[in-house]
1. Quick one: which residues, 5 or more positions from residue 109 or on another chain, have an amide H under 5 Å from its amide H? H modelled 1.01 Å from N in the peptide plane, none for Pro or chain starts.
2. Report the one residue of 107, 371, 256 whose Cα lies farthest in the direction of the positive end of the charge dipole of the chain (charges on C-beta: Lys and Arg +1, Asp and Glu -1; origin at the Cα centre).
3. Tell me the label only: which of [x] 320; [y] 187; [z] 164 is volume of the Cα convex hull per residue in Å³ as calculated from this structure?
4. What is the sum of charges around residue 382, taking Lys and Arg as +1, Asp and Glu as -1, for the other residues whose C-beta is under 11 Å from the C-beta of residue 382?
5. Report the charge-dipole magnitude of the chain in Debye, nearest 20, computed about the Cα centre from +1 at each Lys and Arg Cβ and -1 at each Asp and Glu Cβ.
6. List the lysines whose Cα sits under 22 Å from the Cα of residue 340, skipping any in the same chain fewer than 8 residues away.
7. For the stretch 200-270, which GluC sites (Glu not before Pro) are both in a DSSP coil and crowded by at most 15 other Cβ atoms within 10 Å?
8. Relative contact order (percent) for the chain, with alpha-carbon contacts under 8 angstrom and 6 or more residues of separation?
Amino acid sequence: MRSHPLREQIIAEVHARPFQELQGPLGMRHIAVTYDDTPLNEVRESVTQLSKMLELTETISKPRFWQGKNESLTLRFEAHHEFYTLTLTALNTLELPQLPKAWLDTAPGSFLCGAEILFRDHQAGADETTWLEQHFGENQVNSSMVMSKVGQIWTDFYPRQDSGLVRVLVEDHGLQLRQAGRLLQRICEIETYRHVALLALPLANEVVPVINQLEAELVELSTRVASEEPSVLLHQLMDLAERLEALSAQTSNRFSAADAYFALVNKRIGELRETRIEGRQTVEQFMDRRLDPATRTCRTAGLRIEQLSRRLARTTQLVRSQVDLSVEQQNRDMLSTLSKRAGEQLRLQAKLESFTIIVVTYYAFDLIDRTLRNLVNNEEYRHLLEAGLSLSVPFIALVLWLYIRRLLRGVGED
C-alpha cells in the first residue's frame, strides 16, 4: 500500500494555522493586505525581510504560514486566496507594536483593513469609564461578555485616524492560554472577513442599475413575442443574453466569495459566545444592523442576475418554439405543394398511357402481320388471316387497355 500523493498536503492544511498561547498584558496589531497580483514567493521574501528587521527567530515555516518570535514580539503570517495577513504581538505590555516604516513603504499589496487589540488582565475596581474614554472618546462603544463570561471585549468599530485600524479592548476574566489565543484570533478574523466580504458591495451597487436596465429590456421584448417577427426578436434576445452573460462572469466570483465570507463572519461571531451587557450593544447586534443590509444587497444582486438569466432562457425558448412552428408550417406547405405536383405529374402520365396503348397496338399488329407473311405461303389463306387480324385490332387494344389499367390501379388515388 502506498501513501496518497495529497495526504501530507491535507494534513498540513488541517494544522496550518495553530492557535497561540497568550496571556495579558499584550498589544496586538493585525493587518490584512490584498495581493494585487503579487506572487506569493515575493510576499514571503518581504515577510522574511520584516522578520530580520524585528530580529525574530523562525518557529514555524510552511508554504502559506510563517511564525517567528523573540523575547518581546511574535509575528504570524497567513496567506489566503485573495489576501495575506500579518499579526504582530507585543508581549507583557499594553503598548501596541509598530511595523517598521521602511518595511511598510516597500511592502507588496494594498492595505485593506486591520485591528489593534489591547489585552489586559481583569482589574477589580478599575475605572472602566476612563479606560474607554481614553481609547474611544465620545464614540458609541459595543461590549459583551464572551467565551462563556470568561472574557470581555469593547470596540467602536471605527478605524482610528492615526493607523486606520479598528481598536478592540479585551479583558481577561479567567481565560486559559489557548482560549485567549482563540479569542484574539477570532476578533482579527471577524474584522478581516467583514471587510473582504464588503468588497462585493460597491460592485453590487454598480451593477444594480445595469440589472434594472436588462430587466426592463427583457420585459419589453417579452411583450412583443406574440406580435413581432420571431427572427428579429431572437436576434435581440441573443444580444441581451450576451450582455447578461458578461455581467454574470464579471460578478459571480465576487458575489460567491462575499457570500462565503459573510458566512465566516457569522460563524466567528457565534464562536465568541457573547452574553449581553445591559446598556451595551453586542458585536452580533452591531453586525446584524450594519452588515446585514450589505449582505442582503450582494445576495440580492447575485440572485437577480440568476433569475434574469432563467427568465431570458424561457423567453428565448418561447421565441425559438415560434420559429420552429413557423419552419414546420413552411415545411408542411412545401411538402403539400410537392405532393400536389407529383400527383398532377402522375395523373398526366396516366393520361399519356392511353397514347401508349395505340403505339403498343400498332407494334403488336405489325409484328403479327410480319409473322403471318413469313409463315403463310398460301396467298389466299394469308389474305384471310390478315383480314381477321385487322378485325382483331379493337380486341388487341382492349386487352392492352385492361392490362395497363390493372398496372395503374390506385395511382390516381395515391
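1. Under 5 Å from the amide H of residue 109 lies no amide H from a residue far enough along the sequence or on another chain.
2. 371
3. Answer by label: [x].
4. -3
5. Dipole size: approximately 1220 debye.
6. Correct list for residue 340: 351.
7. Answer by residue number: 228.
8. Reported relative contact order: 14 percent.
The values are calculated or read from the model by the stated rules, or taken from the named source; none is laboratory data. If you're wondering where the values come from, they're calculated on a predicted model, not measured in any experiment. Cβ atoms come from the backbone with ideal geometry, glycine included; neighbour counts cover every protein chain shown. Quick note on the areas: whole protein, heavy atoms, side chains included, nothing else; ligands and nucleic acids left out. Shrake-Rupley method; radii C 1.70, N 1.55, O 1.52, S 1.80 Å.
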